[in-house]
Amino acid sequence: MKYLIAGLGNIGPEYKNTRHNIGFQILDALAEASNISFNDKRYGFVAEYKFKSRTFILLKPTTYMNLSGRAVNYWLQKENIDIKNMLVLVDDLALPFGTLRVRAKGGAGGHNGLENINQVLGRNDYARLRFGIGDEFHKGQQVNYVLGEWSREEKKELPFKIDDSIEIIKSFGTIGVERTMNFHNKK
């Protein structure tokens with residue numbers, strides 16, 4: 001069985017350790033822990049991860065966040081992956097830092113990457129892992145906050161939350177989105 005795991009972010013060193021790039025960071029950690037590497041392919045950096053007889057196509061789109069749909073659609077088609085086997089990893093301002101929420105479908109919630117995926121695919125019935133980044137910014141500073149680096153306190157907790165996110169990816173592929181939601185969406 002094949003799965004597409006799309007970690008959203010922006011390419012370029014200026015975005016590397018920003019809150020908005022948590023999707024890239026999770027996939028980078030999974031690749032490093034699994035001793036696999038990404039290859040520069042059409043519309044993204046791609047790696048293949050095998051776990052319990054399943055194949056996960058890990059995708060870090062190179063289309064920039066706001067055009068993520070192009071890369072996601074291309075790799076769904078190229079790898080012939082059903083949309084029910086896709087999980088998108090995104091940052092979420094509406095959740096406190098480190099809160100992880102798996103959803104089977106839903107709106108974009110103001111997230112430009114999800115909005116573009118919904119628009120390109122013409123649907124929103126795909127799973128997503130929303131990684132809470134909090135909303136600790138002053139009025140008018142949202143862009144600077146989202147594109148800013150993690151605080152010292154957040155950096156201490158980040159590796160544990162990334163590990164939890166990797167477990168969610170594995171769970172999604174082995175027990176499905178509903179059971180993954182029941183198991184991992186803790187208050």
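In region 63-80, the count of residues that are assigned to a strand (DSSP E or B), of a type in the set (A, V, I, L, M) and open to solvent by less than 10 Å² (accessible area, probe 1.4 Å) is zero.
Note on region 88-113: residues that are touching a Gly at 6+ places or on another chain (Cβ under 8 Å), without any contact (Cβ under 8 Å) to a residue 40 or more places away in the chain and aliphatic (A, V, I, L, M) amount to 1. Answer yes or no as to whether Ala31 is closer than 30 Å to Gln141 by Cα and modelled with pLDDT of 95 or more. Considered against the rule, which asks whether it is closer than 30 Å to Gln141 by Cα and modelled with pLDDT of 95 or more, Ala31 comes out as no. Gly23 passes every criterion in (1) surrounded by fewer than 21 Cβ atoms within 10 Å (Cβ to Cβ); (2) at pLDDT 95 or above; (3) not acidic (Asp, Glu) apart from (1).
When region 81-129 is filtered for residues that are farther than 18 Å from Met181 by Cβ, at pLDDT 95 or above and among the small types (Gly, Ala, Ser), the ones remaining, listed by number, are Gly113, Gly122. Take the conditions among the small types (Gly, Ala, Ser) and either surrounded by 16 or more Cβ atoms within 10 Å (Cβ to Cβ) or more than 16 Å from the chain's Cα centre (by Cα) (or both) and apply them to Gly132. Does it pass? Judged against the criteria, Gly132 is a match.
Pairing residues of region 1-12 that are of a type in the set (Phe, Trp, Tyr) with residues that are outside any strand (DSSP E or B) and open to solvent by less than 20 Å² (accessible area, probe 1.4 Å), at Cβ distances under 9 Å and at least 6 apart in sequence or on separate chains, gives Tyr3/Ile81; Tyr3/Asn85; Tyr3/Ile169; Tyr3/Phe172; Tyr3/Gly173.
Answer yes if at least one residue in region 40-49 is more than 15 Å from the chain's Cα centre (by Cα), outside any loop (DSSP other than H, G, I, E, B) and among the aliphatic types (A, V, I, L, M), and no otherwise. Checked region 40-49: no residue is more than 15 Å from the chain's Cα centre (by Cα), outside any loop (DSSP other than H, G, I, E, B) and among the aliphatic types (A, V, I, L, M).
Show the residue pairs that are 6+ apart or on different chains and have beta-carbon atoms under 6 Å apart, the first residue being within region 74-87 and touching a residue at least 40 places away in the same chain (Cβ under 8 Å), the second being hydroxyl-bearing (Ser, Thr, Tyr). Note: pairs meeting the criteria are Ile83/Tyr126; Asn85/Tyr3; Met86/Tyr126.
Test Ala33 against the criterion of being in contact (Cβ under 8 Å) with a residue 60 or more places away in the chain, open to solvent by 20 Å² or more (accessible area, probe 1.4 Å) and small (Gly, Ala, Ser), and give yes or no. Here the answer is yes, as Ala33 does meet what is asked. Determine whether region 157-180 contains at least one residue that is over 14 Å from the mean Cα position of the chain (by Cα), farther than 23 Å from Gln25 by Cα, in contact (Cβ under 8 Å) with a residue 60 or more places away in the chain and open to solvent by 80 Å² or more (accessible area, probe 1.4 Å). The answer is yes, given that some residue of region 157-180 is over 14 Å from the mean Cα position of the chain (by Cα), farther than 23 Å from Gln25 by Cα, in contact (Cβ under 8 Å) with a residue 60 or more places away in the chain and open to solvent by 80 Å² or more (accessible area, probe 1.4 Å).
The values are calculated or read from the model by the stated rules, or taken from the named source; none is laboratory data. The shown structure was predicted, so the numbers you read here are calculated from the model rather than taken from an experiment. All Cβ positions, glycine included, derive from the backbone under ideal geometry; neighbour counts span all protein chains shown. Only protein heavy atoms, including side chains, enter the accessible area calculation; ligands, DNA and RNA are left aside. Shrake-Rupley method; radii C 1.70, N 1.55, O 1.52, S 1.80 Å.
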